Structure formats: C-alpha cells, structure tokens
Amino acid sequence: MADLHYLTIHDAADMLARREVTSRELTHAVLDRIHAVDIQVRAFITTTAELALAQADAADRRIAAGERSPLLGVPVAIKDVLCTNGILTTCGSKMLEHFIPPYDATVARRLFDAGAVMVGKTNMDEFAMGSSTENSAFFPTHNPWALDRVPGGSSGGSAAAVAAGEATYALGSDTGGSIRQPAALCGVVGMKPTYGRVSRYGLVAFASSLDQIGPFTRDVRDCATVLNAICGHDPCDSTSAAVDTPDFTADLEGGVKGMRIGVPREYLPDTLEPGVRALVEEALRALEAQGAAVDYDLTLPSTEAALAVYYIIAPSEASANLARYDGVKYGFSYQHGASMWENMEKTRGIGFGQEVKRRIMIGTYALSAGYYDAYYLKAQKVRTVIRREFDAAFEKYDVIAGPVTPTPAFKIGEKTADPYAMYLNDVFTLPVNIAGLPGISIPCGFVDGLPVGLQIVGKPFDEATVLRAAYAYEHAAGWSTTHPTL
Amino acid sequence: MELSREAVHHVAKLARVALTDDEMTMFARQLSEIIGHFDVLQQVDTEGVEPTAHTLPLRNVMTSDESRPSMPQETVLQMAPSVEDGYLRVRAVLE
C-alpha cells in the first residue's frame, strides 16, 4: 500500500468510504510528514494542526453518517494569498505579517463546506510576485527533488507541499504562470482555469485582469475533482463568470483520438534547453500514438511581445491594487513620522520587499502622465492582438501544447540579481493569462533528476478538453506515481 | 531609455514609497533595463486595434440596490493600527 501521505484524493476518498482509514489517521499521516520533512522543504508559513484535526473529526462524523463526497476528510494546503477566517494570512509579506482576516475566501469556504481538512498555509513570493518563492519575506522554499534548487513560484510552497507529501492537494494562484511553473518544477499537476471560472473573493489582489485560482494535485483526476469544488459564479466576485460548471471528471477517459493539437513554433525556440525539448517532443509523440493529430506548424508571432505586455499590465494593475497598503486600515504601519505622508511612504518603503517595490515602480511609471499611451494603452492593444492569434489558432486546433518552462528548476540564488532573467521563466505561461485561457502543467519526465512539465492550453471555458488530453498523456506515461526521496 | 535618479524619485513620490539611496540607484538601473525591453511592442502593428482591459464579455455588472448586513464595525477596526472613537486615526492631513 502507498504511504498515506502520498495518496491521491480519489484513492483517499475510496479508502475513507470503505472505512479502511479515518480522516484523523490520514490527517495525522500528513501532519507527521510535515513534521519530518518541512524543516528541509519549508513549504509552509503556518501549519494548522489543531484546526486540521478538528476538521478531520468533523469529516469522520459526516462519513460515519453515510455522507460520500470526493474531498470530505482529505488534507489540503492553501497558498497564503487566500484569506482564511481567523488564521494568519501573510501573502509572503512583512506588510501582512500579522494579518488575521475576518472572513474566508470563497474557494476556502467551498473547500471547507465540502469537508476539506486544512493542514496549513503555504509559502509564496511576496504578493505572488516572482518565479522562485525566493521573494518570500520570511524564507525560501526548497525543491523536494533537489533541495538546493527553487520550487518555482509564486505558488512554490503549494507545489512543494504536494510533491513532498505534505498535503494531498493544494490551492495556488496564477497571474503569469504562478501555478503551472512551480507545478512543472516540482513534478505535480497544476492548473490555471479560464479567467472568470473561479471566484477571487478573498484572494489578495495582484493583477486583477490576470489573477486566477487553481489546484495542485498528484494526478489529472484529482485536478478535475478540485475544479468541480471551486468553480462557479459567486455573487461576491462580479468578475466570476455566470457560466455552467460541468462535472470535469465526466469526460476524462474520452481519449485524444482525432484531437487536433497545435504546437507553436515560438514555444520550441533554439534557446530551449535540449533536455526539456526532448521530453516535450516525446510527450507529444505519446499523444500522437494515442490518436491525436499533432501539428508543429502553428505560429503565434506575438509570443515575444507578450512578455513586455505582461510586464506592463501586471505591474500597472499591481501598483493600483497595492495602493490599499497605507498603514491606516490594516497591516504594517510606520507611526513615527512627522506627517501622514511620511508615515505612509515609510510604511510602504519598509513593509514591501524589493520585487514588490520594483513592480509598483514599473507600474506607476507606465501609468504616469506622458507615458500612458506609449506603455499601458499600447500593451492593452497588443493584448488584443495576442488574444486574436489564440482565437485564430483555436479555429484549427482543439488544444495548444508545449513546454511550461524553458529550463528545469534552477539553483536558489542563481537568478536573484537579475530581475529580467527571472521574468524570462514565464515566457510560455504568461501569454495564457493575457488571453484569459485555461492551461495545465503535467509532469512529462526528468532531466538529471529534475521534473519537467508539459503545458496544454485550451479554449476559454473548455477545461474539459484540456483535462481529457492531460489524462490521456498521464495514463500513457505514468509519471504521477514517482516521488522525490526526502 | 535611461531613467535618471530624479525620474525614479518622482515615480517613488507618485507611488508613495520611501526608497533608500541604494534602492534609488538600483531601481534607476533595473527599471531602465526592464523598460528598454518594452520597445518590442512598437514592432507590433496596432493600427485600428481596440485595447483589451480583460478577456471576459462582461460590462457594468450590477448588483441589486438592497441593504445587507455587513461586517461589524469592531471587527474591521480591530485590524487597524490606530483607532479613536470608532474612527481610523492618522496624522494631520493638512498642516
């Protein structure tokens, strides 16, 4: 039998239903695992053992009463960007180091109602800005596959927790790749749903036209199961789309026979690490062998421009969203200045870390008088061009596939001195946010012991087809049963 | 495009962020480099193209004009660093 801390959600649910294990035992196994390995991995900012055991006992009572539900009694880790009522929510920042929200994010509420057991809040790049979790104001998280390497970011804690057996699944947020990139680097499944699919009520806002919440899981079936629980319109978030939520697990086994897969030339550039290219091409051949029609002739010419679009739009929106941290209403507050303005400026100067300040500066500059048309407005127009290129591609293809990242996990400290080199990590993931599309990262092998991810992107609100392709590949490849040695 | 320290100082003022001297120097260099990469946008033809603010076909989502219970005042004020008589307290705005 597999270790309890490495069960999938569906295996855990089956065992709970058959009364072979209790939620309390399952939760204890995960908490013990956190105790044993988190001193090395450092996936968690806060662990919530007491709450978890109380939730586990409540779940055991519901199971004893005959209730069967896929997430009931199963341990989850939640990224510290999501508000949890009465539980510290730092967003990886000194600014919110002592912030205890008075309400639950809608996604947390939905999981708790479904009987989830929360074991803790995971580490992240401050305000979700970064690709390595090194921008956490508290400590970096280590990649469970190679402890001297980054887990990716910004949801690095959530990805590492699932990879290391410190949670059965996790939630993260993805603004330019912050779920898919760490999922790839940690060898787990991670999905960013369509923009508008999941309510963001209670998500600490970074870039509101790009942010989306999604799951980290051990396999594609689990990913679909978590999506079922978190998707759907929410009156508390008027940007959540009022569209039907299908059962995402229903069509998983439909296969890829006749599915048209486009591979953008721009996603397999000469600069791509050869090991990554080889694995992605092998994965595409596996899909072809299952009956998919893979076409390498797709071109998305604005891929390079997408990086610039992202690094104008995201910081611009961030500079507006983060204006709320003024030291007056909540969060860190500098109080020793001579004036209100001095207090506010010092609050922000001391409370924000360097990457956050860097992005606030870029955004403020891009929105400032005399530059708005050249930067922000131009970026929004190029955004339209990018979306049209995807729309045209989806007239010919059912999904688009390629690598998630240009390289496997890099060393801790390797890219911290050069912000632009760090930004290049997101070159294949951020166009998907710009166009508002659903995208998944699934493990497709290892280069020198480091996981590599395959990205599959779909039409708006067509997560089902993305999941069906991912499931077909996963079952052909069988990576999801591989775990790091810790 | 080179950003001067004066320009960085001006932007920091707009953003209400106090920067140290070292940060001012570092950001002048880094922001110049990052903004330099934005030139690639000028190669994309956007003649007659409308801007996209977000990707959903949503506009002016309205909620019904009804009063609903909100969070208790004390819950909200509990999070504030400085409070007086049910108000948030700050230093004088006008001198």
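The values are calculated or read from the model by the stated rules, or taken from the named source; none is laboratory data. Everything numeric in this text was worked out from a predicted model, so none of it was measured. Virtual Cβ from ideal backbone geometry, glycine too; neighbours counted across all protein chains shown.
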Search result, residues across segment A:299-334 that are polar (S, T, N, Q), surrounded by fewer than 23 Cβ atoms within 10 Å (Cβ to Cβ) and more than 7 Å from every other protein chain (Cβ to nearest Cβ): A:Thr299, A:Thr303, A:Asn321
If I filter segment A:89-132 down to residues being more than 20 Å from B:Ser70 (Cβ to Cβ) and more than 20 Å from the chain's Cα centre (by Cα), which single residue comes out as surrounded by the most Cβ atoms within 10 Å (Cβ to Cβ)? A:Met95
Could you list all residues from segment A:81-98 that are farther than 13 Å from A:Ile45 by Cα and within 14 Å of another protein chain (Cβ to nearest Cβ)? A:Cys83, A:Asn85, A:Gly86, A:Met95
Could you list, in sequence order, the residues of segment A:20-52 that are without any contact (Cβ under 8 Å) to a residue 40 or more places away in the chain and of a type outside the set (Gly, Ala, Ser)? A:Glu20, A:Val21, A:Arg24, A:Glu25, A:His28, A:Asp32, A:His35, A:Ile39, A:Glu50
Of the conditions (1) within 14 Å of chain B (Cβ to nearest Cβ); (2) over 30 Å from A:Thr364 (Cβ atoms), A:Asn228 clears all except one; give me its number. (1)
Scanning segment A:231-252 for residues that are within 14 Å of chain B (Cβ to nearest Cβ) and part of a strand (DSSP E or B) gives A:Asp234, A:Asp237
Residue under question is A:Ala224, and the condition is that it be touching a residue at least 60 places away in the same chain (Cβ under 8 Å) and either within 25 Å of A:Leu31 (Cα to Cα) or crowded, with 24+ Cβ neighbours inside 10 Å (or both); does it hold? yes
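Can you work out which of the residues in segment B:36-81 that are among the small types (Gly, Ala, Ser) and closer than 27 Å to A:Tyr103 by Cα is nearest to the other protein chains (Cβ to nearest Cβ)? Full working, then the answer.
At the first step, the residues of segment B:36-81 found to be among the small types (Gly, Ala, Ser) are B:36, B:48, B:53, B:64, B:67, B:70, B:80.
Now narrow it down to the ones that are closer than 27 Å to A:Tyr103 by Cα: B:64, B:67, B:70, B:80.
Working: B:Ser64: 10, B:Ser67: 15, B:Ser70: 11, B:Ala80: 6 Å.
Out of the qualifying residues, it is B:Ala80.
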Yes/no for A:Gly413 being more than 9 Å from every other protein chain (Cβ to nearest Cβ), closer than 30 Å to A:Tyr296 by Cα and either without any contact (Cβ under 8 Å) to a residue 12 or more places away in the chain or surrounded by fewer than 24 Cβ atoms within 10 Å (Cβ to Cβ) (or both): no
Given (1) free of Cβ contacts under 8 Å to residues at least 24 places away in the same chain; (2) of a type outside the set (Gly, Ala, Ser); (3) part of a loop (DSSP other than H, G, I, E, B), A:Pro460 misses just (1)
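Residue under question is A:Ala293, and the condition is that it be in contact with a Lys or Arg (Cβ under 7 Å, 6 or more places away or on another chain) and not assigned by TED's automatic domain parsing to the domain that holds A:Ser209; does it hold?
Values: in contact with a Lys or Arg (Cβ under 7 Å, 6 or more places away or on another chain): yes; not assigned by TED's automatic domain parsing to the domain that holds A:Ser209: yes.
For A:Ala293, the condition - in contact with a Lys or Arg (Cβ under 7 Å, 6 or more places away or on another chain) and not assigned by TED's automatic domain parsing to the domain that holds A:Ser209 - is met.
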Would you confirm whether or not segment A:438-452 contains a residue that is in contact with a helix residue (DSSP H, G or I) (Cβ under 8 Å, 6 or more places away or on another chain) and at pLDDT below 95? no
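Considering only residues that are assigned to a helix (DSSP H, G or I) and acidic (Asp, Glu), look in segment A:278-325 and name the one that is modelled with the lowest pLDDT.
A:Glu304
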Kindly indicate whether A:Ile100 is under 14 Å from A:Thr48 (Cβ atoms), free of Cβ contacts under 8 Å to residues at least 60 places away in the same chain and outside any helix (DSSP H, G or I). yes
